[in-house]
Amino acid sequence: MSEPRSGTDRLDLRRRLVLVRQRLRGGRRRVRAAALPVLVAAVAAGLSWAVAHYGLGHAQPFFAPIATWVCLGFSADREVRKVAELAFGVTLGVGLGELVAYVIGAGVFSIMLVIVLGALLARFIDRGQMLTIQAGVQGIVIVALPVAAIDGPTGRVIDALVGGSFALLVAILTPQDARRRARQLAAASLSDLSQMLGTAAKGLREGDPERMRDALALGRSTQGTLDDWSSVVRNAMQSARISPTARRYLPELARLQRASTLTDRAMRNARVIARRGLAAVEQ
C-alpha cells in the first residue's frame, strides 16, 4: 500500500513544481515590468520629501512622498489625466480632513463626516473612481492621525500638493507608448500558449498522462496574464481615444484587443484538448 501513496506523492510534487515554475515566470515578468516605474516613483517620492522638508521648512512632510507614491504607483501606464485625478483626490482629502479636524476635532463623527464630504464633493467634481476613494482615504488619515500637525494648519495640504505636483511632472515628462504594455502581455500570453501546447503534444505523442496533467496545469495557471492583457489593451484604447498624440495607435490597439480575445479562446480550447487527451491516454 505504501508504493501507490509514494507514487501519488511524487506526481503531486511534480505538478506543484510545474505550477511553481509558472508562477516564478509570471513573477519575473511582473518584476521586470515594475522595476523602472518603481525606481522612478521612489526617486520622485524622495525628492518631494526633500523639497517640502528643506525647501519649505516642514519638519515632517510625510504626505509629500505618500501623495507621490499614490499617484505614480508601480505601473508604467501613467496617464497624465489619471495621475492628476489622484493628485487632486489626495489634496482634496487632506484639505477636508484638516478642516474637519480643526472645526470639530477627531472622533467617530469626524471620520463619518469627512468620508461623506470628501466622497460627495469628489463625485460632484469628476466621475473618476480613484478621485473619490483617495479623497475619503486621505481625509480619514488626517482626522484619525493621532499626531498633531506641527507645520501649521495648511502644512499637510501643501505637502500633498508638492507630492502630487512631482507625480504629475513625472507623468508629463515620461510619456508612455500606449501599445508597449499590451505588446509585452501579448508576447507573454502567446509564449504561455506555446509552452502549454508543446507539453500537451509531447504528452499525446508519448502517451504520458502526467505530461497531459502538466499541460493542463500550465493552461490553468495562465489565465491571469490573459486577463491582464485584455484589461490593459482595453484601458489603452480608452486613453488613446481622448489623447491627440496616441490616437494614431488605435488601429494597432484594436488588433491587439482582437488578438487577446482570440488567444484567450485558443487557450480555453487548448485546455479542453488537454483534458480530452488526458482521458484518451489514461485508457
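Annotation note: of Ser221, Ser230, Ser260, the sole residue that is hydroxyl-bearing (Ser, Thr, Tyr), under 27 Å from Arg179 (Cα atoms) and open to solvent by less than 40 Å² (accessible area, probe 1.4 Å) is Ser260. Within the stretch 23-59, the set of residues being of a type in the set (A, V, I, L, M, F, W, C), more than 30 Å from Ser189 (Cβ to Cβ) and surrounded by 12 or more Cβ atoms within 10 Å (Cβ to Cβ) comprises Val43, Ala44, Ala45, Leu47, Trp49, Ala50, Val51, Ala52, Leu56.
The helices (runs of 4 or more DSSP H) found wholly in the stretch 52-144 and carrying at least 2 residues that are among the acidic types (Asp, Glu) occupy 80-104. For Arg16, the stated conditions do not hold, so it cannot be described as open to solvent by 40 Å² or more (accessible area, probe 1.4 Å), free of Cβ contacts under 8 Å to residues at least 40 places away in the same chain and under 23 Å from the mean Cα position of the chain (by Cα). Residues considered: Leu204, Leu190. Of these, the only one that is more than 31 Å from the chain's Cα centre (by Cα) and open to solvent by 70 Å² or more (accessible area, probe 1.4 Å) is Leu204. Which of the following residues is at pLDDT 85 or above and out of contact with any strand residue (DSSP E or B) (no Cβ under 9 Å at 6 or more places or on another chain): Ser194, Ser231, Ser239? Among Ser194, Ser231, Ser239, only Ser194 is at pLDDT 85 or above and out of contact with any strand residue (DSSP E or B) (no Cβ under 9 Å at 6 or more places or on another chain).
Among residues of the stretch 103-126 that are over 10 Å from Ile140 (Cα atoms) and among the basic types (Lys, Arg), those with a Cβ under 7 angstrom from a residue that is assigned to a helix (DSSP H, G or I) and open to solvent by less than 30 Å² (accessible area, probe 1.4 Å), sequence gap 6+ or separate chain, pair up as Arg123/Thr132.
From the residues in the stretch 70-88 that are open to solvent by less than 20 Å² (accessible area, probe 1.4 Å) and at pLDDT below 85, which one is farthest from Ala34 (Cα to Cα)? Residue satisfying both the conditions and the ranking: Leu86.
The values are calculated or read from the model by the stated rules, or taken from the named source; none is laboratory data. Quick caveat: nothing in here was measured; it's all calculated off a predicted structure. Note that we place each Cβ from the backbone using ideal geometry, even for glycine, and neighbour counts take in every protein chain shown. Just so you know, the surface numbers come from the protein's heavy atoms only, side chains and all, with ligands and any DNA or RNA stripped out. Shrake-Rupley method; radii C 1.70, N 1.55, O 1.52, S 1.80 Å.
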